[in-house]
Amino acid sequence: MKIDRLIGILSILLQEEMTTAPKLAEKFEVSRRTINRDIEDLCKAGIPIRTIQGTGGGIRIMDGYRMDRTILTSKDMQGILAGLRSLDSVSGSRYYSRLMEKLQSGSSELVSGRDSMLIDLSSWYKGTLAPKIEMIQDAIENRRLLDFRYYAPSGESVRTVEPYYVVFKWAGWYIWAWCLERRDFRLFKLNRMDQLSVSDKTFVRREVPMPDLSNEKIFPGGIRVKALFDPDVKWRLVEEFGPHCFVEADDGRLLFQADYTDMENLVAWILTFGGKAEVLEPAEVRERICNIAEDMKRIYERNESHEV
């Protein structure tokens, strides 16, 4: 990936007096043109790189420049390494492990004691998730379109998108992309994507707004729900909505009130509590849950009669 390559190039330039574009291209298995773009990006980032043409020429960092690690405290370094470990937990390769080794090399004074923070971003779907993330990152770097089948509550569809960012939010992985069908930027959940493939077609990067990932934007509310829960599911209410989302009712049950965004998700969430939840408002949710319960009862009664 590009960020790893840039750090790798910078590491080589700091350790060697001079190198060449062909050597860098061979080491990182990319074209000379890509290396030239990387050198330009490093220059734009403020690294004083000098290129010398002709025999005996090459690429070097100007005399007197060095990266001063003293700007990083031990706490800073621990935070950086914890972040890299978290990315490696979903990576399909050892990019971040190798990057951690480079940062740790010669920095023992900044990496002391036992690590105090461990972050694992992987999930039950790690086997399928890591290849998707790697494929999407490659498509972003090479500016290639992505094709996939998408499963949404509204139905299935085949999408072609311009990928821009891989996003981790709300305990899930998403891609922020320009959808050619909708002609707008969209957030797609990776676990709902199937038959993912990188197209041969490239795209010209457009001005990309950062996705608004605030809860208010993605989950704007609008459905005021009031429900009673049995006390033994208090832990779930605290975990999902916080300790101030309910008060104790006269009968000992927990009176829960909150704003919800989507009717389907609300009904599905209430059903996960089985008989330990009773919706008071809105009436539409009560009615839908009653209908679902009746449908389930008929299904099980029918199956029992078949068994007999």
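The values are calculated or read from the model by the stated rules, or taken from the named source; none is laboratory data. All values derive from a computational prediction rather than experimental measurement. All Cβ positions, glycine included, derive from the backbone under ideal geometry; neighbour counts span all protein chains shown.
Things to note:
- Residue in the stretch 33-50 that is modelled with the lowest pLDDT, counting only those that are over 19 Å from ASN142 (Cβ atoms) and in a helix (DSSP H, G or I): LYS44
- Every pair of residues 6+ apart whose Cβ atoms lie under 8 Å, when the first sits in the stretch 34-56 and is in the same structural domain as LEU13 (by TED's automatic domain parsing) while the second is in a loop (DSSP other than H, G, I, E, B): ILE47/TYR65; PRO48/MET62; PRO48/TYR65; ILE49/MET62; ARG50/MET62; THR51/GLY57; ILE52/MET18
- Of the set (1) closer than 17 Å to GLU240 by Cβ; (2) part of a strand (DSSP E or B), all apply to LEU266 but (2).
Quick grid of which residues meet (1) at pLDDT below 90; (2) under 16 Å from ARG224 (Cα atoms):
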| site | (1), (2) |
| --- | --- |
| PHE256 | no, yes |
| PRO282 | no, yes |
| ASP295 | no, no |
| GLU304 | yes, no |
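- Subset of the stretch 138-171 that is in contact with a Ser or Thr (Cβ under 8 Å, 6 or more places away or on another chain) and not aliphatic (A, V, I, L, M) - its residue that is surrounded by the fewest Cβ atoms within 10 Å (Cβ to Cβ): ASN142
- Annotation note: of VAL204, VAL247, the sole residue that is out of contact with any Phe, Trp or Tyr (no Cβ under 7 Å at 6 or more places or on another chain), among the aliphatic types (A, V, I, L, M), without any contact (Cβ under 8 Å) to a residue 12 or more places away in the chain and surrounded by fewer than 14 Cβ atoms within 10 Å (Cβ to Cβ) is VAL247.
- Test: ASP232 is assigned by TED's automatic domain parsing to the domain that holds ASN265, touching a Lys or Arg at 6+ places or on another chain (Cβ under 8 Å), exposed (fewer than 13 other Cβ atoms within 10 Å of the Cβ) and at pLDDT 90 or above: yes
- Test for VAL238: is it surrounded by 11 or more Cβ atoms within 10 Å (Cβ to Cβ) and either part of a loop (DSSP other than H, G, I, E, B) or free of Cβ contacts under 8 Å to residues at least 24 places away in the same chain (or both): yes
- Pick from the stretch 4-32, criterion exposed (fewer than 13 other Cβ atoms within 10 Å of the Cβ) and under 23 Å from ILE136 (Cβ atoms), ranking: modelled with the highest pLDDT: SER31
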